[in-house]
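Below is one structure, written out as structure tokens; comments come after it.
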Amino acid sequence: MKLVLDTSALLYIVEHRLDIWELSEHEIYIPSAVLEELNALSRRSRKARVALQLLSLLKYKVVERGGPADKAVLETAVEEGAVLITGDTALAEEARRRGVPVAKFHKGQLAIY
């Protein structure tokens, strides 16, 4: 399955110490805007620094897409026919309106809504 992760999902993984290996069995896409956002946050947030370290353990494809991270993840999910993983309620609602499946972590497991 193709997955697009946003910043909130990556920070959630760190915050709740989730096992990232479940993600490794999927094709993971990260827009460059998300990486830029994490890099900016990493200057003041330990969670963001750890999220960047975790990404180095996963195989993922960087999608060159700048601008606001929310717009970038949504466009990437639409373009790739992927499931969007986010903890952002407003972004999840917008994705569903556009027909993009949304997943969240529930009790440490991915659940598609």
If exposed means no more than 16 neighbouring beta carbons inside 10 Å and the site is in a DSSP loop, what's the longest run of the chain without any exposed trypsin sites (Lys or Arg not before Pro)? 60-97
For the stretch 56-70, in order, what is each residue's ³J(HN,Hα) by Karplus, 6.51 cos²θ - 1.76 cosθ + 1.60 with θ = phi - 60°, in whole Hz (x at glycine and Pro)? 5, 8, 9, 8, 8, 9, 7, 9, 5, 8, x, x, x, 4, 4
I need the phi-derived Karplus couplings for the stretch 4-12: 6.51 cos²θ - 1.76 cosθ + 1.60, θ = phi - 60°, integer Hz, Gly and Pro marked x. 10, 9, 9, 4, 4, 5, 5, 5, 5
Considering only ILE85, ALA72, ILE13, whose Cα is most displaced toward the positive end of the charge dipole of the chain, charges sitting on Cβ of Lys, Arg (+1) and Asp, Glu (-1)? ILE13
For the stretch 85-105 and the stretch 1-80, distance of Cα centres in Å: 15
If you roll a 1.4 Å probe over the heavy atoms of the protein chains, what accessible area per residue do you get for the chain, in Å²? 55
For the chain, what % of the accessible area comes from carbon and sulfur atoms, probe 1.4 Å? 50
Dipole magnitude (debye, nearest 20) for the chain, charges at Cβ of Lys, Arg, Asp, Glu: 360
Simple label model, 7 Å out from Cα along Cβ direction - GLU79 to SER24, nm: 2.8
With DNA, RNA and ligands ignored, accessible area of ASP70 (1.4 Å probe; Å², nearest 10): 70
Calculated Kirkwood radius over Cα pairs in Å (choose from (i) 16.9; (ii) 14.2; (iii) 13.7), label: (iii)
5 angstrom amide H check on VAL83, placed H, neighbours 5+ away: LYS2, LEU3, VAL4
Based on the mean of other beta carbon atoms within 10 Å per residue, what is the order of 80-87, 50-57, 3-10, most packed first? 3-10, 80-87, 50-57
In sequence order, calculated HN-Hα J values of the stretch 36-49 (Karplus, 6.51, -1.76, 1.60; Hz; x Gly/Pro): 4, 5, 5, 4, 5, 5, 5, 5, 10, 10, 5, 4, 5, 5
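The values are calculated or read from the model by the stated rules, or taken from the named source; none is laboratory data. The shown structure was predicted, so the numbers you read here are calculated from the model rather than taken from an experiment. We place every Cβ from the backbone using ideal geometry, glycine too, and count neighbours over all the protein chains shown. Only protein heavy atoms, including side chains, enter the accessible area calculation; ligands, DNA and RNA are left aside. Shrake-Rupley method; radii C 1.70, N 1.55, O 1.52, S 1.80 Å.
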